[in-house]
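Note sheet for the following structure.
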C-alpha cells in the first residue's frame, strides 16, 4: 500500500464544515489529473479532505497522483472493485459532507461551495445539473442531459423508480448521517451502485435539486457507462425491482419502457457520431 499526504485545506475565512471527496481510481492516467485539479481548485467556506483510493494502477496514474503530495490522501492497493474502493474511502473520511467523483469526471468551479450552502440550509442530500463531455472536454449529448434535468425538477421516489437513474452521480452530495443511516454501497453492483444508494436515500427523504451545473460526466468508450450502457440498464432494472415495494407492477413496466427508449437513443447517437462513441 502506498500512502501520501493528509488533508488539503480549502481557502476560506472560517472552516465550519469539512467536505470529504473520494475518488476511486484504476488505470485512468488519461483523465485523472483533470479530475484531481477540478477538486483541488474548489474554494469556499469549508475545509476540503480529498482521498484517492487507487486499485493498484500500472499505467502511470500513480506517478501523476504522487505529484500532489500532501494535497491528497492517496491509498493504492488491490480492491474488490469500484464500490469497495468508494466504501473504503468513506470509512477513512472524516467530513460531515461526503461525495465521490470518479477518476474521469470533473467538478465545475464553485460546485462544492454551492453544495455546502445547500446542505447547511437543512437538506440531507442534494444534486445539481451535470454536463456530459467527451474525452477532450467537449460538451456532448445535450438532449440527454436536458431530459434528466427535466426529470430532476419533478423528483419523486415513484419517478426515480419508473424513469431510472436520472440523478447525476458526479453532481450529488450528502450528509454523513444519511449515508450511515442508509448503509454503504452494495459491492454486488458494479455499474449502477449509485442508483441503489439514491433509492435508499429517497426512502429516507427527498433531495434538494440545485438548478445549475455542478459537474461534468465523461462519456467515452473506456467508461463503464459508455462501453456498457445496456448492462447498466439491466442492472438498474434489477435494482428497481429490489426497491419497488408498494409500486411494483406499473412502475416496473414504466422502468422497462424508459430504458428501452434510452438505450435506443444511445445507439442512435453512437451511430450518428461514431467518433464520439469512443470518447
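The values are calculated or read from the model by the stated rules, or taken from the named source; none is laboratory data. For clarity, every value in this text was computed on a predicted model and none was experimentally measured. As a convention, Cβ positions derive from the backbone with ideal geometry for all residues, glycine included, and neighbour counts pool all protein chains shown.
On the given criteria, is residue 217 touching a helix residue (DSSP H, G or I) at 6+ places or on another chain (Cβ under 8 Å), assigned by TED's automatic domain parsing to the domain that holds residue 130 and in a helix (DSSP H, G or I)? So residue 217 fails the test. Of the numbered criteria (1) within 21 Å of the chain's Cα centre (by Cα); (2) in a helix (DSSP H, G or I); (3) at pLDDT 75 or above, the one residue 262 fails is (3). Considering 24, 78, 109, the condition of being in a loop (DSSP other than H, G, I, E, B) and either over 20 Å from the mean Cα position of the chain (by Cα) or surrounded by 24 or more Cβ atoms within 10 Å (Cβ to Cβ) (or both) is satisfied by 78 alone.
Only one of the listed residues (144, 132, 140) is in contact with a strand residue (DSSP E or B) (Cβ under 8 Å, 6 or more places away or on another chain), within 24 Å of residue 83 (Cβ to Cβ) and either at pLDDT below 95 or surrounded by fewer than 23 Cβ atoms within 10 Å (Cβ to Cβ) (or both). That residue is 132.
When the residues of segment 170-184 are filtered to those that are buried (at least 21 other Cβ atoms within 10 Å of the Cβ) and more than 14 Å from residue 202 (Cα to Cα), the one that is farthest from the chain's Cα centre (by Cα) is 171. Quick check on residue 179: is it at negative phi and not in a helix (DSSP H, G or I)? No: the conditions fail for residue 179. Looking at residue 167, is it assigned by TED's automatic domain parsing to the domain that holds residue 230, under 22 Å from residue 101 (Cβ atoms) and surrounded by fewer than 18 Cβ atoms within 10 Å (Cβ to Cβ)? Answer is no for this residue. Just so you know, in segment 38-57 the residues that are out of contact with any helix residue (DSSP H, G or I) (no Cβ under 7 Å at 6 or more places or on another chain) and free of Cβ contacts under 8 Å to residues at least 60 places away in the same chain include one that is farthest from residue 80 (Cα to Cα), and it is 47.
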